[in-house]
1. What distance in nm lies between label points placed 7 Å from Cα along the C-beta direction at residue 59 and residue 167?
2. Any idea what angle helix 283-315 forms with the longest principal axis of the chain, computed on alpha-carbon atoms, 0 to 90 degrees, nearest 10?
3. Mind checking the angle between helix 225-241 and the chain's longest principal axis? C-alpha axes, 0 to 90 degrees, to the nearest 10.
4. Taking only C-alpha pairs under 8 Å that are 6+ residues apart, what is the relative contact order of region 119-263 in percent?
5. May I ask you to derive the FRET efficiency for residue 46 and residue 255 from their Cβ-Cβ distance with R0 = 51 Å, giving the value to the nearest 0.05?
6. Can you give the translational diffusion coefficient of the chain in µm²/s, computed by Stokes-Einstein from the Kirkwood radius over Cα pairs at 37 °C and 0.692 mPa s?
7. Between 0 and 90 degrees, rounded to the nearest ten: what's the tilt of helix 92-118 against the longest Cα principal axis of the chain?
8. How would you classify region 175-316 from its alpha-carbon gyration tensor, with a ≥ b ≥ c the square roots of the eigenvalues: rounded for a/c under 1.5, else prolate if a/b is greater than b/c, otherwise oblate?
């Protein structure tokens, strides 16, 4: 008859097991507390951001909309006469100037930017891709006042010499400066969108006998169209909101431009040139706040459009 002997844990081993259990429980509790505090911190950060954004919208919107107690919406939006010293606050020319400048900037910058993106993603050798992408990243980080100063000292004399105008300020100079500013952003985002197109698309197109130009124009660019459109919207948002570079080359005269080299003004340049010279509660100040509110609404609309395009692209 065999006897089975069961191992009996020693008191020291039982004590060690209990200590390990308590230590593990304490670690779990500490981790739970850290997770809870981190969750509260994240929620507070999101709430603070939304609260600040709401305050900005409410303050700027309330102050700006109060201008309609002194003049009608038609007087503000439809009139082209901005002479605040004489009590005329027509912002029509400034709004039209903003739209014209943005459109001209996109006409100049988008084809060049997309062309650069296609060259980097499909044609350039690897060493040249690295060099060009580094250069574009450097251009993104250059302050806008540097672009404006270069436009003032280099570009305007060239425009004066070519056009025969005495000043050379106007939409053309501002659009060229803005085009150089948004070109790196549009190019890099478009480059990422083109690079993300699956390699199988290219191989299938080449297998069907397509040339490189046909593959790029009919397969790769259409496949990356949502990303390219997102890049254009980002560039548009920067062009609309840019101030210092535009102030230095556009002429800052509240009038409709007769041509591309006539001094004019846009919403941002008019705000920065006049906001420090007016009383806060005056109609003049309220009209400037309403211009800022219009820019805020336009920026929010572009952001919503961008998010909509990206969400549709992810669900497709």
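Bear in mind that the values in this text are calculations on the coordinates, not laboratory data. Keep in mind that this is a model prediction, so the values were computed, not measured. Neighbour counts are summed over all protein chains in view; Cβ atoms, including those assigned to glycine, are modelled from backbone coordinates with ideal geometry.
1. About 3.3 nm separates the two model spin labels.
2. Once rounded, one gets 50 degrees.
3. Here the helix axis deviates by roughly 60 degrees.
4. 38 percent
5. Plugging the Cβ-Cβ distance into 1/(1 + (r/R0)^6) gives 0.70.
6. D = 136 µm²/s.
7. It works out to around 50 degrees.
8. Judged from the Cα gyration tensor, region 175-316 comes out prolate (a/c at least 1.5, a/b above b/c).
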